[in-house]
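Colleague: Take a look at the following structure, please.
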Amino acid sequence: MAAMDSKSSYSYFLTPQPCNPHHPLFIFLPGMDETGNELMRIQTAGLETAFDVRCFVIPPDNLTNCDNMALEVVSLTEIELAKIPRSDIYLCGESFGCCLALKVLERYPNYFTKIILINSASSFNRVPWLKFG
(Lines give C-alpha, C1' and ligand atoms only; values in the text may rest on other atoms or scores of the structure.)
Protein backbone atom coordinates (compact mmCIF):
# COMPACT_ATOMS: atom_id res chain seq x y z
CA MET A 1 0.00 0.00 0.00
CA ALA A 2 1.21 3.47 -0.79
CA ALA A 3 2.53 5.31 2.20
CA MET A 4 1.57 8.97 2.21
CA ASP A 5 1.39 11.66 4.83
CA SER A 6 -2.34 12.14 5.45
CA LYS A 7 -1.72 15.84 6.13
CA SER A 8 -0.35 16.39 2.64
CA SER A 9 -2.51 18.43 0.29
CA TYR A 10 -0.99 16.77 -2.79
CA SER A 11 -2.95 14.18 -4.74
CA TYR A 12 -1.42 10.72 -4.95
CA PHE A 13 -2.09 7.16 -6.08
CA LEU A 14 -3.17 4.62 -3.50
CA THR A 15 -2.35 1.00 -4.24
CA PRO A 16 -5.23 -0.88 -2.56
CA GLN A 17 -3.81 -4.36 -3.27
CA PRO A 18 -0.30 -5.71 -3.78
CA CYS A 19 1.18 -4.67 -7.13
CA ASN A 20 0.64 -6.96 -10.11
CA PRO A 21 3.36 -5.80 -12.50
CA HIS A 22 2.40 -8.31 -15.21
CA HIS A 23 -1.17 -6.98 -15.49
CA PRO A 24 -2.41 -3.83 -17.26
CA LEU A 25 -2.35 -0.65 -15.19
CA PHE A 26 -5.83 0.39 -14.00
CA ILE A 27 -6.19 4.00 -12.84
CA PHE A 28 -9.36 4.60 -10.78
CA LEU A 29 -10.64 8.17 -10.41
CA PRO A 30 -13.27 8.25 -7.63
CA GLY A 31 -16.24 10.55 -7.15
CA MET A 32 -16.27 13.59 -4.87
CA ASP A 33 -17.96 11.60 -2.11
CA GLU A 34 -14.80 9.55 -1.63
CA THR A 35 -14.06 10.33 1.99
CA GLY A 36 -11.79 7.48 2.94
CA ASN A 37 -9.59 4.73 1.64
CA GLU A 38 -11.93 1.96 2.79
CA LEU A 39 -14.68 2.84 0.30
CA MET A 40 -12.10 2.98 -2.47
CA ARG A 41 -10.88 -0.51 -1.55
CA ILE A 42 -14.46 -1.79 -1.68
CA GLN A 43 -15.06 -0.17 -5.09
CA THR A 44 -11.93 -1.72 -6.60
CA ALA A 45 -12.07 -5.12 -4.84
CA GLY A 46 -11.61 -8.00 -7.22
CA LEU A 47 -9.92 -5.96 -9.94
CA GLU A 48 -6.50 -7.15 -8.79
CA THR A 49 -7.10 -10.51 -10.50
CA ALA A 50 -6.76 -8.84 -13.91
CA PHE A 51 -5.21 -5.40 -13.24
CA ASP A 52 -2.54 -3.54 -11.31
CA VAL A 53 -4.83 -1.02 -9.59
CA ARG A 54 -4.06 2.56 -8.59
CA CYS A 55 -6.64 4.86 -7.00
CA PHE A 56 -6.34 8.63 -7.32
CA VAL A 57 -6.68 10.26 -3.90
CA ILE A 58 -7.54 13.94 -3.59
CA PRO A 59 -6.96 15.23 -0.04
CA PRO A 60 -9.84 17.43 1.25
CA ASP A 61 -7.64 20.52 1.41
CA ASN A 62 -6.45 20.16 -2.19
CA LEU A 63 -8.19 22.98 -4.09
CA THR A 64 -6.49 22.33 -7.42
CA ASN A 65 -8.60 23.19 -10.47
CA CYS A 66 -9.72 20.48 -12.89
CA ASP A 67 -7.07 21.26 -15.51
CA ASN A 68 -4.24 20.95 -13.00
CA MET A 69 -5.81 17.87 -11.47
CA ALA A 70 -5.79 16.25 -14.93
CA LEU A 71 -2.08 17.04 -15.15
CA GLU A 72 -1.59 15.42 -11.73
CA VAL A 73 -3.29 12.23 -12.95
CA VAL A 74 -1.01 12.09 -16.01
CA SER A 75 2.12 12.90 -13.97
CA LEU A 76 1.32 10.18 -11.44
CA THR A 77 0.62 7.74 -14.26
CA GLU A 78 3.99 8.56 -15.83
CA ILE A 79 5.69 7.87 -12.49
CA GLU A 80 4.01 4.46 -12.37
CA LEU A 81 5.06 3.71 -15.96
CA ALA A 82 8.65 4.70 -15.19
CA LYS A 83 8.67 2.03 -12.46
CA ILE A 84 7.05 -0.67 -14.61
CA PRO A 85 6.46 0.04 -18.32
CA ARG A 86 3.05 -1.15 -19.62
CA SER A 87 1.41 -1.23 -23.02
CA ASP A 88 -2.15 -1.23 -21.64
CA ILE A 89 -3.41 1.52 -19.35
CA TYR A 90 -7.07 1.64 -18.33
CA LEU A 91 -8.62 4.85 -17.02
CA CYS A 92 -11.79 4.41 -14.97
CA GLY A 93 -13.79 7.32 -13.60
CA GLU A 94 -16.77 7.16 -11.26
CA SER A 95 -19.12 10.15 -10.91
CA PHE A 96 -16.87 13.24 -10.61
CA GLY A 97 -14.02 10.95 -11.62
CA CYS A 98 -15.74 10.67 -15.04
CA CYS A 99 -15.48 14.42 -15.51
CA LEU A 100 -11.83 14.30 -14.54
CA ALA A 101 -11.22 11.36 -16.89
CA LEU A 102 -12.80 13.30 -19.75
CA LYS A 103 -10.58 16.29 -18.93
CA VAL A 104 -7.51 14.00 -18.96
CA LEU A 105 -8.57 12.59 -22.34
CA GLU A 106 -9.19 16.07 -23.71
CA ARG A 107 -5.53 16.92 -23.15
CA TYR A 108 -4.03 13.44 -23.70
CA PRO A 109 -6.38 11.61 -26.10
CA ASN A 110 -4.00 8.76 -26.98
CA TYR A 111 -2.42 8.18 -23.58
CA PHE A 112 -4.80 5.53 -22.25
CA THR A 113 -5.72 2.25 -23.95
CA LYS A 114 -9.29 2.05 -22.59
CA ILE A 115 -11.63 4.36 -20.71
CA ILE A 116 -14.48 3.32 -18.44
CA LEU A 117 -17.04 5.88 -17.21
CA ILE A 118 -19.35 4.83 -14.36
CA ASN A 119 -22.30 6.92 -13.17
CA SER A 120 -21.05 9.89 -15.14
CA ALA A 121 -21.53 13.21 -13.40
CA SER A 122 -21.39 14.76 -16.85
CA SER A 123 -25.10 13.93 -17.20
CA PHE A 124 -25.93 15.75 -13.96
CA ASN A 125 -28.05 18.38 -15.75
CA ARG A 126 -30.35 15.64 -17.11
CA VAL A 127 -31.49 14.45 -13.65
CA PRO A 128 -35.13 15.64 -13.49
CA TRP A 129 -35.52 15.67 -9.70
CA LEU A 130 -32.76 18.28 -9.35
CA LYS A 131 -35.14 20.88 -10.79
CA PHE A 132 -37.32 20.48 -7.70
CA GLY A 133 -34.47 21.18 -5.25
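The values are calculated or read from the model by the stated rules, or taken from the named source; none is laboratory data. This is a predicted model, so every value here is computed, not measured. No Cβ is skipped: glycine too gets one built from the backbone with ideal geometry, and neighbour counts run over all protein chains shown.
Colleague: Among (1) buried (at least 18 other Cβ atoms within 10 Å of the Cβ); (2) at pLDDT 90 or above; (3) of a type outside the set (V, I, T); (4) over 20 Å from N20 (Cα atoms), there is one condition E106 misses while meeting the rest; what is its number?
Modeller: Here E106 meets the rest and fails (1).
Colleague: Is it true that R41 is under 15 Å from F112 (Cα atoms), charged (D, E, K, R) and either modelled with pLDDT of 85 or more or assigned to a helix (DSSP H, G or I) (or both)? Before you say what the answer is, go through the steps one by one.
Modeller: Details: under 15 Å from F112 (Cα atoms): no; charged (D, E, K, R): yes; either modelled with pLDDT of 85 or more or assigned to a helix (DSSP H, G or I) (or both): yes.
Judged against the criteria, R41 is not a match.
Colleague: Name the residue that is nearest to the chain's Cα centre (by Cα), counting only residues in the range 82-103 that are of a type in the set (A, V, I, L, M), closer than 15 Å to F26 by Cβ and surrounded by fewer than 22 Cβ atoms within 10 Å (Cβ to Cβ). It would help to see each step written out before you state the result.
Modeller: Our first condition is that a residue be of a type in the set (A, V, I, L, M); within the range 82-103, this holds for 82, 84, 89, 91, 100-102.
Going one step further and asking which of them are closer than 15 Å to F26 by Cβ, we end up with 84, 89, 91, 101.
With the extra rule that they be surrounded by fewer than 22 Cβ atoms within 10 Å (Cβ to Cβ), the set shrinks to 84, 89.
On the way: I84: 18, I89: 12 Å.
Step by step, filter the range 82-103, then rank; the result is I89.
Colleague: For the list (1) assigned to a loop (DSSP other than H, G, I, E, B); (2) buried (at least 16 other Cβ atoms within 10 Å of the Cβ), I need the number of the one condition that N62 fails.
Modeller: Every condition holds for N62 apart from (2).
Colleague: Identify, by number, the condition in (1) modelled with pLDDT of 80 or more; (2) more than 14 Å from the chain's Cα centre (by Cα) that P128 doesn't meet.
Modeller: Failed condition: (1).
Colleague: Which one of the conditions (1) part of a helix (DSSP H, G or I); (2) farther than 19 Å from R107 by Cβ; (3) of a type in the set (A, V, I, L, M); (4) modelled with pLDDT of 85 or more does V53 fail to meet, given that it meets all the rest?
Modeller: (1)
Colleague: Identify, please: which residue in the range 76-92 is out of contact with any Pro (no Cβ under 8 Å at 6 or more places or on another chain) and part of a strand (DSSP E or B) and is, among those, nearest to N110 (Cα to Cα)?
Modeller: Step by step, filter the range 76-92, then rank; the result is L91.
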